[in-house]
Amino acid sequence: MRLAVNIDHFATLRQARRTDEPEPVLAALLAEQAGACGIVTHLRGDRRHIQDRDLRLLRAVLKTKLNLEMAATAEMKAIALEVKPDVVSLVPERPEELTTQGGLDVTARRRELGPFIKALGKAGIRVSIFIDPSSVQIKTAGELGVDLIEINTGLYADLKPGPARDKALAGVRAAAALSRKLGLEVHAGHGLDYRNVAPIVAVPEIEELSIGFSIVARSAIVGVQAAVREMRALIEVR
Ligand code: PXP
């Protein structure tokens with residue numbers, strides 16, 4: 001299982017003072033050197049953390065792969081087609097949310113997403129959709145022709161160990177199995193940390209995890225490379 005590191009919150013810290021440090025691009029390079037398989041970043045419409053210049057610099061310097069999370073808007077499509085990340089992950093976006101809330105509703109937005117995904121694919125960009133562990137959503141995503149999906153682990157991660165969390169985990173497991181059956185590459189993420197990641201690592205169909213906040217938070221204490229290596233030790237057990 002691979003670890004992709006989301007670096008957005010290094011930029012959150014920088015934007016808190018509208019200054020030039022910490023440099024998220026430097027954090028990304030350190031994460032790569034510590035064994036991250038790729039770097040994930042979300043360019044939001046409101047530019048609350050990552051800025052356009054960060055994205056362009058990341059594209060220029062990364063040696064692994066750049067995964068751009070973005071809303072399915074005309075503005076973001078134009079940026080993606082110009083910057084050409086290796087992967088675009090389509091996510092829902094609401095201006096008032098603290099972080100991404102829930103997966104993209106692909107069944108409700110099926111008609112607009114079809115041409116959007118096609119345009120990115122034609123430009124050689126792999127397309128992922130961040131999706132709730134729902135069989136209807138996953139089947140629709142498969143029909144839309146995405147290359148991979150990222151299962152939202154947020155519901156699982158928000159719960160304390162116990163029957164409700166076990167049920168959420170069973171949902172992730174079933175979603176991963178169905179996705180693989182449909183021929184999709186399966187990733188997962190959201191809310192994963194050093195304490196709750198192990199049961200997700202045990203889901204055999206999941207190939208890659210996207211983890212941000214907990215790694216950035218630990219980086220402030222132990223440094224970026226130690227934080228990435230500690231997480232790799234937990235997830236590269238298979
Ligand atoms: N996956 C997606 C689609 C996300 O939007 C985010 C948060 O930006 C993550 C994974 C990472 O979540 P966290 O920061 O909670 O690890």
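Take residue 16 and decide whether it is closer than 22 Å to residue 215 by Cα and either modelled with pLDDT of 95 or more or buried (at least 19 other Cβ atoms within 10 Å of the Cβ) (or both).
Judged against the criteria, residue 16 is a match.
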>> Can you list residue pairs whose Cβ atoms sit under 8 Å apart, with the first residue in segment 107-128 being at positive phi and the second being assigned to a helix (DSSP H, G or I)? Count only pairs 6 or more apart in sequence or on different chains.
In response: none
> Out of all the residues in segment 222-234, is one or more under 21 Å from residue 41 (Cβ atoms) and touching an Asp or Glu at 6+ places or on another chain (Cβ under 8 Å)?
Replying inline: no
>> Among the listed residues 98, 90, identify the single one that is free of Cβ contacts under 8 Å to residues at least 12 places away in the same chain, among the hydrophobic types (A, V, I, L, M, F, W, C) and within 13 Å of the ligand (Cβ to nearest atom).
In response: 98
> Considering segment 147-175 alone, what residues qualify as being within 15 Å of the ligand (Cβ to nearest atom), among the small types (Gly, Ala, Ser) and either outside any helix (DSSP H, G or I) or closer than 30 Å to residue 122 by Cα (or both)?
Replying inline: 175
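Among the residues of segment 177-206 satisfying the criterion of being charged (D, E, K, R) and touching a residue at least 24 places away in the same chain (Cβ under 8 Å), which is nearest to the ligand (Cβ to nearest atom)?
Within segment 177-206, the match that is nearest to the ligand (Cβ to nearest atom) is 193.
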>> Looking at 186, 203 in this structure, which one is assigned to a strand (DSSP E or B) and crowded, with 17+ Cβ neighbours inside 10 Å?
In response: 186
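So which residues in segment 207-227 are among the hydrophobic types (A, V, I, L, M, F, W, C) and within 13 Å of the ligand (Cβ to nearest atom), if there are any at all?
209, 211, 213, 215, 216, 217, 227
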> Do the conditions hold for residue 171, that is, is it surrounded by fewer than 21 Cβ atoms within 10 Å (Cβ to Cβ) and touching a Pro at 6+ places or on another chain (Cβ under 8 Å)?
Replying inline: yes
> Somewhere in segment 96-117, is a residue of a type in the set (Gly, Ala, Ser) and at pLDDT 95 or above?
Replying inline: no
> Out of curiosity, is residue 194 in a loop (DSSP other than H, G, I, E, B) and either closer than 29 Å to residue 10 by Cα or under 18 Å from the mean Cα position of the chain (by Cα) (or both)?
Replying inline: yes
> Scanning segment 207-238 for residues that are in contact with a strand residue (DSSP E or B) (Cβ under 7 Å, 6 or more places away or on another chain) and outside any helix (DSSP H, G or I), which turns out farthest from residue 2 (Cα to Cα)?
Replying inline: 212
> Got a number for residues in segment 1-53 being more than 21 Å from residue 189 (Cα to Cα), in a loop (DSSP other than H, G, I, E, B), in contact (Cβ under 8 Å) with a residue 24 or more places away in the chain and over 18 Å from the mean Cα position of the chain (by Cα)?
Replying inline: 1
>> Given the condition within 27 Å of residue 26 (Cβ to Cβ) and within 18 Å of the chain's Cα centre (by Cα), answer yes or no: does some residue in segment 108-118 qualify?
In response: no
>> As an exercise: evaluate residue 209 against (1) surrounded by 14 or more Cβ atoms within 10 Å (Cβ to Cβ); (2) farther than 23 Å from residue 29 by Cα; (3) modelled with pLDDT of 95 or more and give the number of the one condition it does not meet.
In response: (2)
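The values are calculated or read from the model by the stated rules, or taken from the named source; none is laboratory data. Predicted, not measured: the structure shown is a model, and the values here were computed from it. Ideal geometry is used to build each Cβ from the backbone, glycine not excepted, and the neighbour counts take in all protein chains shown.
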